[in-house]
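The values are calculated or read from the model by the stated rules, or taken from the named source; none is laboratory data. All of these numbers come straight from a predicted model, not from anything done at the bench. Note: ideal-geometry Cβ built from the backbone for every residue, glycine included; neighbour counts use all protein chains shown. Calculation scope for accessible area: heavy atoms of the full protein, side chains included, ligands and nucleic acids excluded. Shrake-Rupley method; radii C 1.70, N 1.55, O 1.52, S 1.80 Å.
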Amino acid sequence: MKRILRYLGALLFAGMPFSVILGEKITHNFQVMNTEPRTIEFKSANKYARSTTDSITYTCGGTSASKFGLDHVYNSAMSINLLNYGDYVIISPAIDNLRGFDIFYEPASQIINTIQVYLSTDGISWGEPLTGENITYTKGAINVTPPSGSYQIKIVDTNGSNDTSITGIDYMIENCNCFRYVP
């Protein structure tokens, strides 16, 4: 019996580094954040918002319709509304050790692949939108899996006929002080 407990203990101890690698999840559900006690602050006619728990900021741009407000589908949940061609939101400052994030939107019954996601390490140059294995579009959500790094995020509506209300974003942060081999 003692031998089994030792093996079990060794197995649990050996698995501890992998639990650290998995990281943590930061959830920003804008409706929940906007209820008491509020963990989000809005400014500039709801075109700017800041999370009070982790200092992530959201800056809306494009047309005057690009801002925080109730979703355009049910008119019930606080959302980032991207309703016209070229509307965007920039998420800053750079989120350290970002290994992925999920964007949740309304209408959840549709796959909206006209929302483009850009990443920047300096907040100035955005490059090309993510494609292929780095982004997956499903009904009501966009799953983004960039190479792990520190990024600012830009989400852009590239088709004004697909109104989108972003209701939340889940960020996955990698908590690993691992040596990274980059060939």
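Give me the residue from the range 42-63 that is small (Gly, Ala, Ser) and modelled with pLDDT of 95 or more and, out of that set, nearest to the chain's Cα centre (by Cα).
My answer is Ser51.
For the condition closer than 22 Å to Ala141 by Cβ and either more than 14 Å from the chain's Cα centre (by Cα) or hydrophobic (A, V, I, L, M, F, W, C) (or both), His72 qualifies. Taken as a whole, the structure leaves Ser19 outside the set of residues that are modelled with pLDDT under 95 and either within 15 Å of Ile166 (Cα to Cα) or in a loop (DSSP other than H, G, I, E, B) (or both).
Would you say Thr27 is open to solvent by 50 Å² or more (accessible area, probe 1.4 Å), among the polar types (S, T, N, Q) and not in a loop (DSSP other than H, G, I, E, B)?
Considered against the rule, which asks whether it is open to solvent by 50 Å² or more (accessible area, probe 1.4 Å), among the polar types (S, T, N, Q) and not in a loop (DSSP other than H, G, I, E, B), Thr27 comes out as yes.
Scanning the range 96-126 for residues that are more than 20 Å from Leu82 (Cβ to Cβ) and either under 16 Å from the mean Cα position of the chain (by Cα) or not hydrophobic (A, V, I, L, M, F, W, C) (or both) yields Asp96, Asn97, Leu98, Arg99, Gly100, Thr121, Asp122, Ser125. Do we have Ile112 as out of contact with any helix residue (DSSP H, G or I) (no Cβ under 9 Å at 6 or more places or on another chain), among the β-branched types (Val, Ile, Thr) and in contact (Cβ under 8 Å) with a residue 60 or more places away in the chain here? Against the criterion (out of contact with any helix residue (DSSP H, G or I) (no Cβ under 9 Å at 6 or more places or on another chain), among the β-branched types (Val, Ile, Thr) and in contact (Cβ under 8 Å) with a residue 60 or more places away in the chain), Ile112 does not qualify.
Scanning the range 35-56 for residues that are touching a residue at least 24 places away in the same chain (Cβ under 8 Å) and surrounded by fewer than 17 Cβ atoms within 10 Å (Cβ to Cβ) yields a total of 2.
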